[in-house]
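Visitor: Here you go, one structure.
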Amino acid sequence: MNNVAVIDYGMGNLHSVSKAMESLGDDVRVEITSDASRILAADRIIFPGVGAIRDCMAEIRRLGVDDIVSQALAASKPVLAICVGMQALMESSEENGHVECLGLLPGTVKRFGGETGNGVLLDVDGKRLKVPHMGWNQVQQRQAHPLWQGIEDNSRFYFVHSYFVAPTDASLCAATTDYGHTFASALSKGSLFAVQFHPEKSQHSGLQLLRNFLAWDGRA
Amino acid sequence: MALAKRIIPCLDCDKGRVVKGVKFEDIRDAGDPVEISRRYSDAGADEITFLDITASSEGRETTVQTVEAIAGQVFIPLTVGGGIRTLEDIRTMLNAGADKVSINTAAVVNPEFVREAAARFGSQCIVVAVDAKKVSEAGEPGRWEIFTHGGRKPTGLDAIEWVKRMVSYGAGEILLTSMDRDGTKIGFDLALNRAVSDAVDVPVIASGGVGELQHLVDGVLEGGADAVLAASIFHFGEYTIPQAKQYMAEHGIEMRL
C-alpha cells in the first residue's frame, strides 16, 4: 500500500489532488488530514494550497504544519508542494503587504508586474500580459530529476497564480517558465519537490508527475 | 514559449443531464455530463465549464454529485456556474471538485458578494459571468448594458464599468457573453470583447455566437480574448476540438496541441 497524506489546513480544494492520486492505482491510499502523527506516518506527503498567503500562513502556523513539513524533510520523506504550498516554503511573500513564510527554501515570493512599479506585466514585444497567469504554459526542465521521468521537456502544465517564487539559490531550480520574464516553476531540494503549476489539473503530463511522485524514494 | 489560449467547451446541465444535446458518433447515452466531459478532455479541451440550469433543490444535490463524478475522472480545470448565490454554495462546489465558480445574477444583486467570495476563496476561483447587450445606436461609440435572467432583465449597468468594478472586487476572470450574438452562429461581438479585454487585467473568456472556426480566431486576435467558450459547434459534431485547435494554431495563435 502506498499511503499519501494530503495536508489539510482548511484552504482550497483538496479533492482534486486526492482524486488524481487515487486514479493512479488501486494500491494508492490518500488521506486528507491535519493530524501531525497521521501525516508523518504516511509514505509521502502533499502540501497543497490555493488562496491568499496571509490566510494560508495563519492556518499553517495554527495547525503546526511548519513543524510537520520540517520533520518530514529531516526524515527524507518525499514531499510535494503545490502552488501556494510552494510559495509558503519561501522566506516571505509580497502578497497581502508582506507576509513571513516558512523559510524552508531561500528566496521570496513576488507579484507579476511588481517590478515595473505600476503593476503592469509586459511581454518581450511590450504587449500587456494578463495577471493572474492562468492557463497552460510550458515548463522547461532545468535539472534531471526522478519527477520528470516520462515527461517531455517543454510540456504544458496548468497554472493559475499572480505571484511567483524567486529563489536566491539557483541550484534549487528544477524548472522554469516564461511569462513576461522567466520564473522558477519547480524547485527541488532533497526529498522536497515544489511546483507552481497544478499537476492534478494538467491531464497526462500532470498525472505522470504524480505517478513519478508515488514511485519516488525521496532522492534527487 | 508562451501561455496558450484556451478552448473551453460548455455543458448546460439540468438535474445532472446535459440538456442542449450532444452528438458524438458512438455515445449511446448522449446526455451524461461525466462521459461528455471525459470525451472533451481526451480530445484536448483546456478546461470544462459546467452550467447548472437546475432550479429545484433536489436537482442541486444531483448537480453536486455530478461535479464530484466529473472531478474524479477528468483532470483538467472545471468551472461550475448557475445558481451560485452564497459562500456556502461556493464551498459546496469547491469541495465537490470544482476549481472555479462562475457568478452572474448574484453579483448584480449584491456586488459585495464577489468581494467576500474572493477574500474567502481567492480570486483564482472566482469567475464573474457577464451577459451584455449592445445599447448604443449605429454610428455611436460602442456601449453595452448588463442583463440578467438570460438576457430578459436590464440592469442599467454599463458593461465596461461593471467588469472594472468586479475585477477591483477580486474577480479573477471574466466570462463575457454577448446576448446579441448568443445562438446566432455569426461570431462573437468583437468590439465588446476588445473593449472588455482592454479594460481589465484579468483573463477574459469570449462566449456567444460561435458558428465556425474562424470566429474562434477572430475572438482571440481581434477581440483580445484569452479563452474561447463554445457549446453547440462541439456538441453537434460540426467541429472537433483538435480541428479547432489546429485551425487556431495555423492562424498564429499559441495553443496546447
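What follows is calculated from the coordinates using simple rules that are stated; it is not laboratory data. All of these numbers come straight from a predicted model, not from anything done at the bench. Don't worry about glycine lacking a Cβ; one is built from the backbone with ideal geometry, like all the others, and counts go over all protein chains shown.
Visitor: Using the structure shown, list the pairs from A:LYS201/B:LYS153; B:LYS5/B:LYS185; B:LYS5/B:LYS133 with a Cα-Cα distance above 27 Å, or answer none.
Guide: A:LYS201/B:LYS153
Visitor: Another question, if that's okay. Counting each DSSP H run of 4 or more residues in chain B as -39500 (n - 2.57), what helix-only mean residue ellipticity at 222 nm follows after dividing by all residues, to the nearest 500 deg cm²/dmol?
Guide: After summing the helix terms and dividing by residue count, I get -10500 deg cm²/dmol.
Visitor: Let me ask something else about it. Within 10 Å of each Cβ in peptide A:158-164, how many partner chain Cβ atoms are there on average? Round it to a whole number, please.
Guide: Across A:158-164, the average partner-chain Cβ count within 10 Å equals 4.
Visitor: Can you give the net charge of the other residues whose Cβ lies under 12 Å from the Cβ of B:THR66, counting K and R as +1 and D and E as -1?
Guide: So the surrounding residues net to -3.
Visitor: Still on this structure: Could you run the Karplus curve 6.51 cos²θ - 1.76 cosθ + 1.60 with θ = phi - 60° over segment A:90-105 and give me ³J(HN,Hα) per residue in whole Hz, x for Gly and Pro?
Guide: My calculation for segment A:90-105 gives 6, 6, 7, 10, 6, 5, 6, x, 7, 10, 6, 10, 6, x, 7, 10 Hz in order.
Visitor: Rounded to whole Å and sorted largest first, list the principal axis extents of the Cα atoms in segment A:1-138.
Guide: If we take the Cα atoms of segment A:1-138, the spans are 52, 31, 25 Å.
Visitor: No solvent, one uniform scatterer per C-alpha: report log10 I(q)/I(0) for the protein assembly as shown via the Debye equation at q = 0.09 1/Å, two decimals.
Guide: Rounded to two decimals, the profile gives -0.57.
Visitor: Follow-up question, since we're still on this one. By how many degrees, 0 to 90 and rounded to 10, does the Cα axis of helix A:53-62 deviate from the longest principal axis of chain A?
Guide: Compared with the principal axis, the helix lies near 30 degrees.
Visitor: Take the Cα of A:LEU122, step 7 Å along the line toward its Cβ, and report every residue of segment A:161-198 whose backbone nitrogen sits under 19 Å from that point.
Guide: A:178-183
Visitor: Moving to a separate point now. Counting Lys and Arg as +1 and Asp and Glu as -1, what is the net charge of the other residues whose Cβ lies under 15 Å from the Cβ of A:ALA88?
Guide: Local charge sum for A:ALA88: -4.
Visitor: Projecting each Cα onto the charge dipole of chain B (Lys/Arg +1, Asp/Glu -1 at the beta carbon, about the Cα centre), which of B:PHE234, B:LEU87, B:LEU257 comes out farthest on the positive side?
Guide: B:LEU87
Visitor: Quick one: work out the % antiparallel among DSSP beta bridges in segment A:11-139, nearest 5.
Guide: Approximately 45 percent, going by the DSSP bridge assignments.
Visitor: What number comes out for the charge environment of B:MET166, summing +1 per Lys or Arg and -1 per Asp or Glu over other residues with Cβ under 11 Å away? Provide the component values of the computation, followed by the final result.
Guide: Numbers: positive: B:ARG115, B:LYS164, B:ARG165; negative: B:GLU161, B:GLU173.
Result for the local shell: +1.
Visitor: How big, in percent, is the set of alpha carbon pairs in segment B:147-237 lying more than 18 Å apart? Intermediate values should be presented prior to the final figure.
Guide: On the way: 1747 of 4095 pairs.
Within segment B:147-237, distances greater than 18 Å cover 43 percent of Cα pairs.
Visitor: Would you please state the base-10 log of I(q)/I(0) at q = 0.09, 0.22 1/Å for segment B:49-167, with intensities from the Debye formula using one equal scatterer on every alpha carbon?
Guide: -0.28, -1.22
Visitor: While we're looking at this one, here's another question. Could you work out the mean count of beta carbons from other protein chains within 10 Å of each residue's beta carbon in A:197-209?
Guide: Counting other chains' Cβ atoms within 10 Å and averaging over A:197-209 gives 3.
Visitor: Hey, another quick one. Specify the inter-centroid distance of segment B:190-257 and segment A:155-212, based on alpha-carbon positions, in whole Å.
Guide: So the two Cα centres are separated by 27 Å.
Visitor: Would you tell me the mean number of C-beta atoms belonging to other protein chains that fall within 10 Å of each C-beta in B:73-83, as a whole number?
Guide: 4
Visitor: If you don't mind, another one. Express as a percent, rounded to the nearest 5, the fraction of DSSP beta bridges in the protein assembly as shown (both residues included) that run antiparallel.
Guide: 45
Visitor: Mind checking the dipole of segment A:113-220: about its Cα centre, +1 per Lys or Arg Cβ, -1 per Asp or Glu Cβ, Debye to the nearest 20? Let's see the in-between values first.
Guide: Values: 9 positive and 9 negative charges, 39 e Å.
Dipole about the Cα centre, nearest 20: 180 debye.
Visitor: Hey, with R₀ at 22 Å, roughly what FRET efficiency would B:ALA199 and B:VAL109 work out to, going by the Cβ-Cβ distance, to 0.05?
Guide: Working: r = 22 Å, r/R0 = 1.02.
The computed FRET efficiency comes out at 0.45.
Visitor: Let me ask you something else. In debye, nearest 20, what is the charge dipole magnitude of segment A:42-176 about its Cα centre with +1 on Lys and Arg Cβ and -1 on Asp and Glu Cβ, if you could check?
Guide: Once rounded to the nearest 20, the dipole reads 240 debye.
Visitor: Assigning unit charges at the beta carbon (Lys, Arg +1; Asp, Glu -1) and nothing else, what dipole magnitude in debye, to the nearest 20, does the protein assembly as shown show about its Cα centre?
Guide: 200
Visitor: Starting from 0.36 nm per residue, how many nanometres of slack lie between B:ALA191 and B:ARG143 once their C-alpha separation is accounted for?
Guide: 16.3 nm
Visitor: Across 10 Å bins from 0, what is the distribution of all Cα-Cα pair distances for segment A:92-205, in whole percents?
Guide: 13, 44, 35, 8, 0
Visitor: How big, in percent, is the set of alpha carbon pairs in chain B lying more than 25 Å apart?
Guide: Beyond 25 Å sits 40 percent of the P(r) for chain B.
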